[in-house]
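As structure tokens, the structure follows; a few thoughts come after it.
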Amino acid sequence: MAQPDSTPSTIDDFFLHCMDMVFIASEGGALLRMSSALTRAVSPELLHAASQAGLAPLVHPDDRRSFDEAWARLRAAAEPVTVDVRLKTADGSFKFFQCAARRAPEKGEVYGTLRDAEERIKQEIQVKLLKAINDNLPICVWAIDERGVFVLHDGKALEAAGLKPGQFLGLNMFEIYPESGTAELRKALAGKMSYFLNEVEGVHWEAWYLPIQNERGDVTHVAGVSLDVTASKRTEQELRAKLELIERQQQVIRSLSTPIIQVWDRVLTLPLVGMFDSTRAADVMDGVLREVVRTQARYAILDLTGIEAMDTETADHLLKLTGAIKLLGAEGIITGIHPAIAQTIVGLGVDLTSIETRSTLRQGLEHCIRRMACEPRRRRSG
């Protein structure tokens, strides 16, 4: 069998036409020969400046120590050495390369190659990120092919579902779950992303089904991401329960702050104290009207002695309340009006001639008693 030609012209042709980034260096690191592919990746000017010092001057400062240690190991043994380093490229940026080299002791030379490691390192980082997510977050990540067969089944959250990582690998999802439970999955296989919430045996899941397509647009796989949100759902339910409790407590407080007292047969009084806004006015209206109907009251006294100010909207609520009381067959009486409130009511431009007012609660009660005392005589005289 004929031996390959190893004349200098053949070696020159090899370094000229080789598509890989290969080099020959001295044991000290000086670059002796380089392929054209290498000089294109790293500009000739940079290589010329670094030829006597080797690749080291092109190495990123943060990777210089690991590169020097690898080269020291290379010089100490004939075993090959591989190291990932960032080298300065022709455009001045740094790029990851895998440098693999081996020393030939008999010649005192080092033969090596450089390979673009950007994509591999990026994939390794993605794998590490996915592992970190799977190992630390309450998440389940899986994938099936177009037939429904599991090709990935992992994640810390599988434990909450009583499963183990990899348990479904090689199994068909359509054979594991009933047809009614795979509707969203079929949408994903048809190319439509799905997002939904569901509950399985007390565990709440937030799930995404993601179709994975090839360059022709065909769905080859479906990836699923399921997040265990049971804890947040429980917190949400507890918060909602607390809010409902607070609302009930506030209702009780509002009821206590606006007590409706039956001071006389068919006479109600409502002493208002403190801050009186439109929200509280609405509650007062509901409470008073209910009590008027329940007790069949003839009079309802709204005592404002403890209220020093109110806005026009609240004053309007108060006047509407007296009108609503009248519609129920009772009479609304306002007592203890503060001067500032009087100005606010007058500013509304409402006709007040039909509203009975008194300076004090006592005068209001006396008015009601006199009116009720007169009612039998009126009926007799009639």
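Can you pull out every residue in the range 105-143 that is in a loop (DSSP other than H, G, I, E, B) and over 24 Å from the mean Cα position of the chain (by Cα)?
Here is the first cut: in the range 105-143, the ones in a loop (DSSP other than H, G, I, E, B) are 105-108, 117, 137-138.
Correct list: PRO105, GLU106, LYS107, GLY108, ALA117.
For PHE67, are the conditions met, namely being at pLDDT 85 or above, open to solvent by less than 20 Å² (accessible area, probe 1.4 Å) and either touching a Gly at 6+ places or on another chain (Cβ under 9 Å) or part of a loop (DSSP other than H, G, I, E, B) (or both)? So PHE67 does not fit the description; no. Screening the candidates GLY166, GLY181, GLY108, GLY148 for the property of being free of Cβ contacts under 8 Å to residues at least 12 places away in the same chain and of a type outside the set (Asp, Glu) yields one hit, GLY181. Cβ-Cβ contacts under 8 Å between residues 6 or more apart (or on different chains), taken from a first residue in the range 329-358 that is in contact (Cβ under 8 Å) with a residue 24 or more places away in the chain and closer than 16 Å to VAL292 by Cβ to a second residue that is open to solvent by 60 Å² or more (accessible area, probe 1.4 Å) and not basic (Lys, Arg), are listed as ILE333/THR357; ILE334/THR357. When the range 161-199 is filtered for residues that are touching a helix residue (DSSP H, G or I) at 6+ places or on another chain (Cβ under 7 Å) and loosely packed, with under 12 Cβ neighbours inside 10 Å, the ones remaining, listed by number, are LYS164, PHE196. Taken over the range 330-353, residues that are open to solvent by 20 Å² or more (accessible area, probe 1.4 Å) and assigned to a helix (DSSP H, G or I) amount to 7. The set of residues in the range 28-56 that are at pLDDT 85 or above, open to solvent by 20 Å² or more (accessible area, probe 1.4 Å) and touching a helix residue (DSSP H, G or I) at 6+ places or on another chain (Cβ under 9 Å) comprises GLY28, ARG33, MET34, SER36. The strands (runs of 3 or more DSSP E) falling completely within the range 258-329 that include 3 or more residues that are within 18 Å of LEU361 (Cβ to Cβ), out of contact with any Gly (no Cβ under 8 Å at 6 or more places or on another chain) and open to solvent by 10 Å² or more (accessible area, probe 1.4 Å) map to 261-264. Scanning the range 70-82 for residues that are surrounded by 15 or more Cβ atoms within 10 Å (Cβ to Cβ) and of a type in the set (Asp, Glu) yields a count of 0. Given the criteria modelled with pLDDT under 85 and either at negative phi or surrounded by 14 or more Cβ atoms within 10 Å (Cβ to Cβ) (or both), does GLU215 qualify? Here the answer is no, as GLU215 does not meet what is asked.
Within the range 144-192, the set of residues being in a loop (DSSP other than H, G, I, E, B) and farther than 20 Å from ILE212 by Cα comprises GLY162, LEU163, LYS164, PRO165, GLY166, GLN167, TYR177, PRO178. Check whether at least one residue in the range 233-250 is under 30 Å from ILE337 (Cβ atoms), under 45 Å from the mean Cα position of the chain (by Cα) and at pLDDT below 75, and report yes or no. Yes, the range 233-250 contains a residue that is under 30 Å from ILE337 (Cβ atoms), under 45 Å from the mean Cα position of the chain (by Cα) and at pLDDT below 75. Within the range 290-314, residues that are in contact (Cβ under 8 Å) with a residue 12 or more places away in the chain and within 17 Å of ARG371 (Cα to Cα) have Cβ atoms under 8 Å from residues that are among the charged types (D, E, K, R) and assigned to a loop (DSSP other than H, G, I, E, B) in these pairs: GLN296/ARG266; ALA297/ARG266; ARG298/ARG266; TYR299/ARG266, counting only partners at least 6 apart in sequence or on another chain.
Of all the residues in the range 83-140, those that are under 21 Å from ASP20 (Cβ atoms), open to solvent by less than 80 Å² (accessible area, probe 1.4 Å) and acidic (Asp, Glu) number 3.
The values are calculated or read from the model by the stated rules, or taken from the named source; none is laboratory data. The shown structure was predicted, so the numbers you read here are calculated from the model rather than taken from an experiment. With ideal geometry, Cβ positions are generated from the backbone for all residues, glycine too; neighbour counts draw on all protein chains shown. Quick note on the areas: whole protein, heavy atoms, side chains included, nothing else; ligands and nucleic acids left out. Shrake-Rupley method; radii C 1.70, N 1.55, O 1.52, S 1.80 Å.
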